[in-house]
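J.: Structure incoming, see below.
The values are calculated or read from the model by the stated rules, or taken from the named source; none is laboratory data. Everything quoted here is computed from the prediction, not taken from an experiment. So basically every Cβ, Gly included, is an ideal-geometry build from the backbone, and we count neighbours across all protein chains shown.
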Amino acid sequence: MAAHKGSKKVIYAALIGNFLIAVTKFLAAFFTGSSAMLSEGIHSLVDTGNGGLMLYGLRRSAKPPDLAHPFGHGRELYFWSFVVALLIFALGAGVSFYEGVQHIRHPEPSVSVEWNYAVLGFAILFEGGSWYVALKEFRSVKGDVGYVEAIRRSKDPSVFTVLFEDTAALLGLVIALAGVTAAHYLEIPIFDGIASIGISLVLAFTAIFLARETKGLLIGEAAAPAVEATVLRIAAEDPLVTAANGVMTVHVGPSQIVATISAEFHDDARADDIENTIERIEARLREEAPDIVAVYVKPQREAVWGKRRARLADG
C-alpha cells in the first residue's frame, strides 16, 4: 500500500500539471497558429487522460479477490498501463505526426510568437517539477541498480510510466521551442511542422517502450530472485522437507505473487503430515514474504523438477 501511495502522489502531480499546461498550450496555439504548439497541447491532453486511467487502474487493482478472480485484480493496473501506451501512440504520436505533415504541406507563419515563448517557458517549469517528483519516487524504489534495469525489473508500471511520460514531455517542449524559434527567426514556417513530427517520434518511441514493458507484466513475470530465494529457504528449513528443489513464481499484480514449490518429503511422511508442513510454510511466508498471496507445494523428485526447468530454459 505504501508503494501505491507514492504512485498516486506522482500521478496526481502529473495530472494536475498536465491539465493546466494543456489549457495554456491550446490557447497559445489558437492565438499563434503554431503546429508544434498544437501538438504539444494534444500531448499534454493525452497525458492528462493517461493520468486518470492510471488512477483508475490503481483503484481497480486494489479490489479484493472474489470467486471470479481468486488471486485478486492486480493485473488491472497492467492492462490500463498498456492502454496508456496505446493512447500515447495512437493519439499523441498519430495526431502530432498528422499536424506536422499538414503544416509542412501548407505552411503558415506564426503570429504573436511571444505567446509561444511564454507558454513554453512555464510549461518547462511545471513539467520539470512533475518530472522531479516522478524521478524522486522512482529513485526511492529502484535501489542500487541502473534506471533501465530498474524499469525492466519493476512490477509496478505506474511510477515509471509517469516518469517516461514526463521525460517525453520535456523533450517535446525542447523540440517545440527549437521549431518555433527556427520558424520565427529564419522565417521558414515548415520548421514548425518539422518540430511537430519530431514530437510525434518522441511519443512513438515512448509508447513502444512502455507497451513492451507492460506486455511482459500482462503475460506474467517471475518474482525477483531474492523473493524466490526466501520461498526456497523457508521450504527447505521445514523439518519434514528433505529437499526444496525449486520454485516457480508469477506476479499477478505489483504486490501479488503466486508461488509453486517443488519439494521432497521424508519417505514415511503421511498425508496429514504433509498438510501440516504446507500450513507451516504458508504461515512463515505470510510473515517474511507478505507479497505471496498463494503458494502451492508439489511433492516431486529432483530429477522430475530438473527436466521441467530444462524445458523452460530451452523454451
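J.: Is there a residue in segment 113-125 that is in contact with a Gly (Cβ under 8 Å, 6 or more places away or on another chain) and in a helix (DSSP H, G or I)?
T.: Within segment 113-125, not a single residue is in contact with a Gly (Cβ under 8 Å, 6 or more places away or on another chain) and in a helix (DSSP H, G or I).
J.: Here is a further query. Report yes if some residue within segment 28-41 is in a helix (DSSP H, G or I) and at pLDDT 85 or above; otherwise report no.
T.: no
J.: I'm trying to understand the selection: among the residues of segment 97-140, which are among the aliphatic types (A, V, I, L, M) and touching a residue at least 60 places away in the same chain (Cβ under 8 Å)?
T.: Answer for segment 97-140, where residues must be among the aliphatic types (A, V, I, L, M) and touching a residue at least 60 places away in the same chain (Cβ under 8 Å): Val101, Ile104, Val111, Val113, Ala118, Val119, Leu120, Ala123, Val133, Ala134.
J.: Among the listed residues Phe97, Phe79, identify the single one that is assigned by TED's automatic domain parsing to the domain that holds Ile21 and out of contact with any Ser or Thr (no Cβ under 6 Å at 6 or more places or on another chain).
T.: Of Phe97, Phe79, the one residue that is assigned by TED's automatic domain parsing to the domain that holds Ile21 and out of contact with any Ser or Thr (no Cβ under 6 Å at 6 or more places or on another chain) is Phe79.
J.: Another question, if that's okay. Can you tell me which of (1) crowded, with 22+ Cβ neighbours inside 10 Å; (2) at pLDDT below 90; (3) not basic (Lys, Arg) is the one Asp267 doesn't meet?
T.: All conditions are met except number (1).
J.: With respect to Gly52, is the statement that it is assigned to a helix (DSSP H, G or I), more than 19 Å from the chain's Cα centre (by Cα) and assigned by TED's automatic domain parsing to the domain that holds Glu213 true?
T.: no
J.: Let me spell it out: the conditions are (1) closer than 30 Å to Gly179 by Cα; (2) more than 19 Å from the chain's Cα centre (by Cα); (3) at pLDDT below 90, and Phe97 meets all of them except one. Which number is the exception?
T.: (3)
J.: Which of (1) in contact with a Leu (Cβ under 7 Å, 6 or more places away or on another chain); (2) of a type in the set (Val, Ile, Thr); (3) closer than 29 Å to Trp80 by Cα does Ile234 not meet, given it meets every other one?
T.: Going through the list (1) in contact with a Leu (Cβ under 7 Å, 6 or more places away or on another chain); (2) of a type in the set (Val, Ile, Thr); (3) closer than 29 Å to Trp80 by Cα, Ile234 breaks only (3).
J.: Turning to a different aspect of this structure: Here's a check for you: in segment 270-297, which residue that is in a loop (DSSP other than H, G, I, E, B) and surrounded by 17 or more Cβ atoms within 10 Å (Cβ to Cβ) is farthest from the chain's Cα centre (by Cα)?
T.: Ala289
J.: Okay, next question. Please list, ordered by residue number, the helices (runs of 4 or more DSSP H) wholly in segment 139-230 having 2 or more residues that are at pLDDT below 90 and more than 30 Å from Gly246 (Cβ to Cβ).
T.: The helices (runs of 4 or more DSSP H) meeting that bar are 157-185, 190-219.
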